[in-house]
Amino acid sequence: MSIFAIAQIARRRASLFDGMPGAALRLAALLAVLAAAAQAGPLAGVAQAAEDATRSVVAIDGLALRAAPRSGARVLQRLPILTEVIPLGRSPRPAVIGGRKDSWVYVQANYCPDPEDNSLSCETVFKKGWLAESFLAYEQRFEPMTTWRDGAIEAQAGNTSWSYTFGADGTFALDWEAWSHFRKYDPCPAEERRDGFCVKTRAETGRLHRYRNVVRAGEGGAFLYIDDRGALCDRMSSPAARLCDR
């Protein structure tokens, strides 16, 4: 809500006190402004996010989600890398954060409060606050990687398994497989039936893309991340379940 909108609300509230003595009227007007600001909420005076704003993820580990758009504001939560965030608004004023030009963006962060929990049992928490925008991995910020190293990751969750192989030229290959018990009434093609299971497979190749410590397997592919050892890891939405290429 803009400052102009707050003033409009304040004017309507103050009109209720017409005819009061001067001092009382000024006090009533002040209370009206405070009430209007409270009604406006945390986005008062903030430019709303563009209509095409999309979900993003946190690009470094331990990013501070703050109560207000300033570096000294109270930290509501330290967000792990790959935390999903939804941009809701942006401060209209440029800022210097960590010695660099940046912007404050108001977001809803969706995260698991227990870093040792696993992705299947964790109950997601939704919390709103302010982040330094340069640490958000928007889709358009990723750049293709031309170097990496040979490596591999193998993972399994429930009835799904997948494996990545990485090349020194920044390429990857992904093999994915999911299986379920086959029953006669299930729509499972004959070529996907294996030892009483219905098995779905997918293979993909492409190039890795990177922004800060976040890596995507192909354009719009799955999120991976680079840890503090320099290893490329698949967290499977849980730090406790991470698997790395070394």
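Readers should treat all values here as calculations from the given coordinates under stated rules, not as data from a laboratory. Keep in mind the model is a prediction, meaning the values are calculated, not measured. Glycine also receives a Cβ, built like all others from the backbone with ideal geometry; neighbour counts cover every protein chain displayed.
Using mean Cβ contacts within 10 Å as the protection proxy, how do 90-99, 217-226 order, highest first?
Result, highest mean Cβ count within 10 Å first: 217-226, 90-99.
Would you kindly state how much longer the chain becomes between Phe126 and Ala222 on full extension, computed as 0.36 nm times their sequence separation minus their alpha carbon distance, in nm to one decimal?
32.4 nm
Using a Förster distance of 45 angstrom, determine the FRET efficiency expected from the C-beta separation of Gln156 and Arg74, and round it to 0.05.
0.65
How far is it, in nm, from the label point at Arg193 to the one at Asp169 when both lie 7 Å from their Cα along the line to the Cβ?
In this crude spin-label approximation the distance works out to 4.2 nm.
Once you have the Cα-Cα distance between Arg141 and Thr54, take 0.36 nm times their residue separation minus that, and quote the gain in nm to one decimal.
Result: 30.0 nm gained on full extension.
Length gain on complete extension for the stretch His181 to Lys200, per 0.36 nm per residue less the alpha carbon to alpha carbon distance?
Taking His181 through Lys200 to full extension adds about 5.7 nm, to one decimal.
Mind listing the phi-derived Karplus ³J(HN,Hα) values for segment 82-90, rounded to whole Hz, using 6.51, -1.76 and 1.60 with θ = phi - 60°, and x for any glycine or proline?
With the stated coefficients, segment 82-90 comes to 6, 4, 6, 10, 10, x, 10, x, 9 Hz.
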